[in-house]
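First up is the structure itself, then whatever we jot down about it.
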Amino acid sequence: MKPDYPTSSSILDFCDRYHIDKSTFYRRLEDMPRTIRVGGQQRILGADEKAWIERLQAEADARRTAA
């Protein structure tokens, strides 16, 4: 069975998938998934991408219940 998320993605692939400008990714790095260096490239692990989405969903739910 194919996982929901790739095992790792380049920053460019991640940005393309979520329609985030690459400069926005770097400007808001503290809000983005953690990256690791593999060879000469920064990669985002699938587990970190999934955790990022879950965090965004939790934040949205908290705002919705607070309103």
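Any chance region 53-66 includes a residue that's among the hydroxyl-bearing types (Ser, Thr, Tyr), loosely packed, with under 10 Cβ neighbours inside 10 Å and at pLDDT below 95? Yes, because at least one residue in region 53-66 is among the hydroxyl-bearing types (Ser, Thr, Tyr), loosely packed, with under 10 Cβ neighbours inside 10 Å and at pLDDT below 95. Checked against (1) surrounded by 12 or more Cβ atoms within 10 Å (Cβ to Cβ); (2) at pLDDT 95 or above; (3) over 11 Å from the mean Cα position of the chain (by Cα), residue 21 passes all but condition (1).
The values are calculated or read from the model by the stated rules, or taken from the named source; none is laboratory data. Remember, predicted model here, so these are calculated numbers, not experimental data. Reconstructed Cβ throughout: ideal geometry from the backbone, glycine too, with neighbour counts over all protein chains shown.
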